[in-house]
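The values are calculated or read from the model by the stated rules, or taken from the named source; none is laboratory data. These numbers come from a predicted model, not from an experiment. We place every Cβ from the backbone using ideal geometry, glycine too, and count neighbours over all the protein chains shown. Accessible surface areas use protein heavy atoms only, side chains included; no ligands, DNA or RNA. Shrake-Rupley method; radii C 1.70, N 1.55, O 1.52, S 1.80 Å.
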Amino acid sequence: MSVVVDGAVTRRVSDVQEMRSLVQEGLAAASRGGASVHHVVALLSLTRTNIATGAMTRSKLAFADLAGMGRMANPDVGIAHKALENVLRALASRQPRPPFREHALTQVVQDCMGGTAKTMLLLTLGPESSERSDNLR
């Protein structure tokens, strides 16, 4: 079962310049969304064909900007944060069925986590002292 995300688009690109342009377009659209936009997720599917053998290799990368995740005042942000935390804990403890269905965010990135997928989490923290409590939460 796949999750449907309002406003999501699928585009085919054939070179790096087209990809850069698409990323810029997505970032501009997200910034127009104002305070209602909590997460920006870009899914990049790559297909490579070995010209000599014809063998195809497929990869999928998910880039998720979870800006505002620490700001628990918005209930949806808190729910998404908890769902992602639950999935990461389940994967770390090798549970047979991580709870991906808890939130649309975890459903969207499900095939990029667990199994043979390689997952990396990069955190950025606000430098202001007023953000310290959000950073440590």
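Applied to the range 116-125, the Karplus parametrisation 6.51 cos²θ - 1.76 cosθ + 1.60 on θ = phi - 60° returns per-residue 3J(HN,Hα) values of 8, 6, 9, 10, 10, 10, 10, 10, 10, 10 Hz, with x for Gly and Pro.
Positive contributions from Lys and Arg (+1) and negative ones from Asp and Glu (-1), summed over other residues with Cβ under 9 Å from the Cβ of residue 46, come out at +3. Taking amide H positions as modeled 1.01 Å from N, with prolines and chain starts lacking one, no residue 5 or more places away or on another chain lies under 5 Å from residue 95. Peptide packing: for 44-51, 24-31, 110-117, the average count of neighbouring Cβ atoms within 10 Å per residue gives the ranking 110-117, 24-31, 44-51, highest mean first. Protein-only accessible surface at a 1.4 angstrom probe places the residues 41, 4 in the order 4, 41, largest first. Within the shell of other residues whose beta carbon sits under 13 angstrom from the beta carbon of residue 31, the net charge comes to -1, with Lys and Arg scored +1 and Asp and Glu -1.
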